[in-house]
1. Which of the peptides 136-143, 72-79, 60-67, 148-155 is most tightly packed, and how do the rest follow, going by the mean number of other Cβ atoms within 10 Å of each residue?
2. Quick one: if the Förster radius is 35 Å, what FRET efficiency do Asp136 and Ile95 give, using the C-beta to C-beta distance and rounding to 0.05?
3. Under 17 Å from a point 7 Å along the Cα-to-Cβ line of Ser167: which residues of the stretch 118-140 have their amide N that close?
4. Along the Cα-to-Cβ line of His52, 7 Å from the Cα, sits a label point; which residues in the stretch 130-154 have backbone N less than 11 Å from it?
5. Once neighbouring chains are kept in place and the probe is 1.4 Å, which whole percent of the accessible area of the stretch 107-178 is contributed by carbon and sulfur?
6. Per residue, how much accessible area does the stretch 116-165 have with a 1.4 Å probe, in Å²?
Amino acid sequence: GRRPLRFCKSRPAAAAGRRTCAPPPAAAIIAPSWGLPSGGPIRNFPEVCVAHRTVVIGGGSFGTAIANILADNGHLVRLCLRDANAVAEIRDTGINSRYLPGFRLNPALVPTTDLPGSVADSELVFIAVPSRAFRDVLRDMRPALRADALLVSCTKGIWADGFLLMSQLVAQETGSDR
(Lines give C-alpha, C1' and ligand atoms only; values in the text may rest on other atoms or scores of the structure.)
Protein backbone atom coordinates (compact mmCIF):
# COMPACT_ATOMS: atom_id res chain seq x y z
CA GLY A 1 0.00 0.00 0.00
CA ARG A 2 0.90 3.62 -0.26
CA ARG A 3 2.00 5.66 2.69
CA PRO A 4 0.52 9.12 3.16
CA LEU A 5 2.63 12.15 2.35
CA ARG A 6 4.41 13.37 5.47
CA PHE A 7 6.24 16.59 6.20
CA CYS A 8 9.06 16.95 8.71
CA LYS A 9 8.56 19.12 11.73
CA SER A 10 11.38 20.62 13.71
CA ARG A 11 11.30 19.01 17.17
CA PRO A 12 13.79 18.14 19.87
CA ALA A 13 13.97 14.59 18.46
CA ALA A 14 15.36 15.99 15.24
CA ALA A 15 18.11 17.71 17.21
CA ALA A 16 18.95 14.34 18.75
CA GLY A 17 19.40 12.84 15.31
CA ARG A 18 15.93 11.29 15.05
CA ARG A 19 13.51 12.62 12.48
CA THR A 20 9.86 12.98 13.20
CA CYS A 21 7.07 13.54 10.77
CA ALA A 22 3.56 14.87 10.90
CA PRO A 23 0.71 14.39 8.48
CA PRO A 24 0.69 17.13 5.85
CA PRO A 25 -1.91 19.84 5.72
CA ALA A 26 -4.75 18.87 3.38
CA ALA A 27 -3.65 21.52 0.87
CA ALA A 28 -0.30 19.76 0.48
CA ILE A 29 -1.98 16.59 -0.77
CA ILE A 30 -4.91 18.07 -2.64
CA ALA A 31 -3.51 20.61 -5.07
CA PRO A 32 -6.45 21.43 -7.38
CA SER A 33 -4.45 23.86 -9.51
CA TRP A 34 -2.10 20.99 -10.33
CA GLY A 35 -4.88 18.56 -11.22
CA LEU A 36 -3.79 15.98 -8.66
CA PRO A 37 -6.21 13.34 -7.47
CA SER A 38 -6.95 13.64 -3.75
CA GLY A 39 -5.29 11.27 -1.33
CA GLY A 40 -1.67 11.83 -2.36
CA PRO A 41 -1.04 9.07 -4.93
CA ILE A 42 2.60 8.45 -4.02
CA ARG A 43 4.06 5.02 -4.79
CA ASN A 44 7.53 4.79 -3.23
CA PHE A 45 7.85 7.40 -0.56
CA PRO A 46 10.62 7.82 1.99
CA GLU A 47 9.57 8.33 5.60
CA VAL A 48 10.91 11.87 5.64
CA CYS A 49 10.39 14.20 2.73
CA VAL A 50 9.32 17.68 1.75
CA ALA A 51 7.33 17.82 -1.47
CA HIS A 52 8.38 20.46 -3.97
CA ARG A 53 6.34 21.88 -6.83
CA THR A 54 8.35 20.73 -9.80
CA VAL A 55 8.16 20.90 -13.56
CA VAL A 56 10.08 18.73 -15.99
CA ILE A 57 10.24 20.35 -19.40
CA GLY A 58 10.56 17.76 -22.15
CA GLY A 59 8.53 14.60 -22.56
CA GLY A 60 11.11 12.37 -24.20
CA SER A 61 12.29 9.18 -22.52
CA PHE A 62 14.72 10.96 -20.18
CA GLY A 63 12.34 13.78 -19.18
CA THR A 64 9.47 11.35 -18.64
CA ALA A 65 11.66 9.04 -16.53
CA ILE A 66 12.91 11.96 -14.40
CA ALA A 67 9.36 13.24 -13.90
CA ASN A 68 8.21 9.78 -12.85
CA ILE A 69 11.07 9.37 -10.36
CA LEU A 70 10.28 12.78 -8.86
CA ALA A 71 6.59 11.84 -8.54
CA ASP A 72 7.54 8.48 -6.99
CA ASN A 73 9.55 10.43 -4.42
CA GLY A 74 6.59 12.53 -3.39
CA HIS A 75 7.09 15.72 -5.35
CA LEU A 76 4.22 17.54 -7.07
CA VAL A 77 5.28 17.12 -10.69
CA ARG A 78 4.11 18.55 -13.96
CA LEU A 79 5.56 17.10 -17.16
CA CYS A 80 5.52 19.81 -19.81
CA LEU A 81 5.34 18.61 -23.42
CA ARG A 82 4.79 20.39 -26.74
CA ASP A 83 2.48 17.71 -28.14
CA ALA A 84 -1.13 18.00 -26.93
CA ASN A 85 -1.84 14.44 -28.16
CA ALA A 86 0.96 13.06 -25.97
CA VAL A 87 -0.43 15.02 -23.00
CA ALA A 88 -3.89 13.54 -23.61
CA GLU A 89 -2.44 10.02 -23.91
CA ILE A 90 -0.48 10.31 -20.65
CA ARG A 91 -3.49 11.80 -18.88
CA ASP A 92 -5.87 9.09 -20.20
CA THR A 93 -3.66 5.99 -20.08
CA GLY A 94 -0.78 6.86 -17.75
CA ILE A 95 1.68 5.83 -20.48
CA ASN A 96 4.00 7.77 -22.79
CA SER A 97 3.82 5.19 -25.59
CA ARG A 98 6.22 6.99 -27.92
CA TYR A 99 9.15 7.15 -25.50
CA LEU A 100 8.39 4.64 -22.70
CA PRO A 101 5.96 2.13 -24.23
CA GLY A 102 4.28 -0.17 -21.74
CA PHE A 103 5.61 1.67 -18.69
CA ARG A 104 2.86 2.95 -16.39
CA LEU A 105 3.67 6.37 -14.96
CA ASN A 106 2.94 7.52 -11.43
CA PRO A 107 -0.66 8.84 -11.39
CA ALA A 108 0.53 11.94 -9.48
CA LEU A 109 2.46 13.09 -12.56
CA VAL A 110 0.45 15.81 -14.32
CA PRO A 111 1.09 16.22 -18.07
CA THR A 112 0.58 19.66 -19.58
CA THR A 113 1.41 21.89 -22.54
CA ASP A 114 1.33 25.03 -20.37
CA LEU A 115 5.01 25.99 -20.13
CA PRO A 116 4.56 29.48 -18.60
CA GLY A 117 1.97 28.33 -16.06
CA SER A 118 4.01 25.31 -15.02
CA VAL A 119 7.23 27.28 -14.64
CA ALA A 120 5.54 30.13 -12.73
CA ASP A 121 4.19 27.67 -10.17
CA SER A 122 7.38 25.61 -9.66
CA GLU A 123 10.26 25.78 -7.22
CA LEU A 124 12.31 23.25 -9.21
CA VAL A 125 12.59 23.35 -13.00
CA PHE A 126 14.19 20.40 -14.78
CA ILE A 127 15.01 21.02 -18.45
CA ALA A 128 15.25 17.80 -20.47
CA VAL A 129 15.03 18.96 -24.07
CA PRO A 130 17.41 18.45 -27.01
CA SER A 131 20.35 20.87 -26.92
CA ARG A 132 19.25 22.53 -30.17
CA ALA A 133 15.99 23.62 -28.44
CA PHE A 134 17.54 24.54 -25.09
CA ARG A 135 18.01 28.28 -25.66
CA ASP A 136 14.50 28.70 -27.11
CA VAL A 137 12.97 26.92 -24.10
CA LEU A 138 14.93 29.15 -21.71
CA ARG A 139 13.72 32.23 -23.55
CA ASP A 140 10.11 31.01 -23.58
CA MET A 141 10.09 30.29 -19.85
CA ARG A 142 12.17 33.25 -18.64
CA PRO A 143 9.24 35.70 -18.19
CA ALA A 144 7.39 33.20 -15.98
CA LEU A 145 10.40 31.92 -14.01
CA ARG A 146 10.25 32.51 -10.26
CA ALA A 147 13.19 34.42 -8.78
CA ASP A 148 13.77 31.61 -6.25
CA ALA A 149 13.41 28.69 -8.70
CA LEU A 150 16.26 26.23 -9.03
CA LEU A 151 17.06 25.13 -12.56
CA VAL A 152 18.44 21.70 -13.34
CA SER A 153 19.77 21.02 -16.82
CA CYS A 154 19.29 17.42 -17.92
CA THR A 155 20.45 18.24 -21.44
CA LYS A 156 23.73 16.94 -22.77
CA GLY A 157 25.75 18.69 -25.40
CA ILE A 158 27.45 21.94 -26.24
CA TRP A 159 25.82 24.98 -27.82
CA ALA A 160 27.70 25.32 -31.11
CA ASP A 161 27.37 29.11 -31.39
CA GLY A 162 29.94 30.17 -28.80
CA PHE A 163 30.89 26.66 -27.66
CA LEU A 164 28.84 27.01 -24.47
CA LEU A 165 27.77 24.40 -21.94
CA MET A 166 24.05 24.24 -21.13
CA SER A 167 24.77 25.67 -17.66
CA GLN A 168 26.43 28.67 -19.34
CA LEU A 169 23.33 29.15 -21.50
CA VAL A 170 21.19 29.10 -18.35
CA ALA A 171 23.32 31.87 -16.83
CA GLN A 172 23.28 33.85 -20.07
CA GLU A 173 19.53 33.59 -20.66
CA THR A 174 18.29 33.95 -17.08
CA GLY A 175 20.91 36.35 -15.75
CA SER A 176 21.63 33.92 -12.93
CA ASP A 177 23.80 30.88 -12.26
CA ARG A 178 21.09 29.11 -10.33
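The values are calculated or read from the model by the stated rules, or taken from the named source; none is laboratory data. Predicted model, so just to flag it, every value in this text is computed and none were measured. Heads up, the Cβs are rebuilt from the backbone with ideal geometry, glycines too, and the neighbour counts pull from every protein chain shown. Calculation scope for accessible area: heavy atoms of the full protein, side chains included, ligands and nucleic acids excluded. Shrake-Rupley method; radii C 1.70, N 1.55, O 1.52, S 1.80 Å.
1. 72-79, 60-67, 148-155, 136-143
2. Plugging the Cβ-Cβ distance into 1/(1 + (r/R0)^6) gives 0.80.
3. Only 125-128 pass the distance filter.
4. Counting backbone N atoms under 11 Å from the label point, the list is 149-153.
5. 53
6. Ligands and nucleic acids excluded, the figure is 54 Å² per residue.
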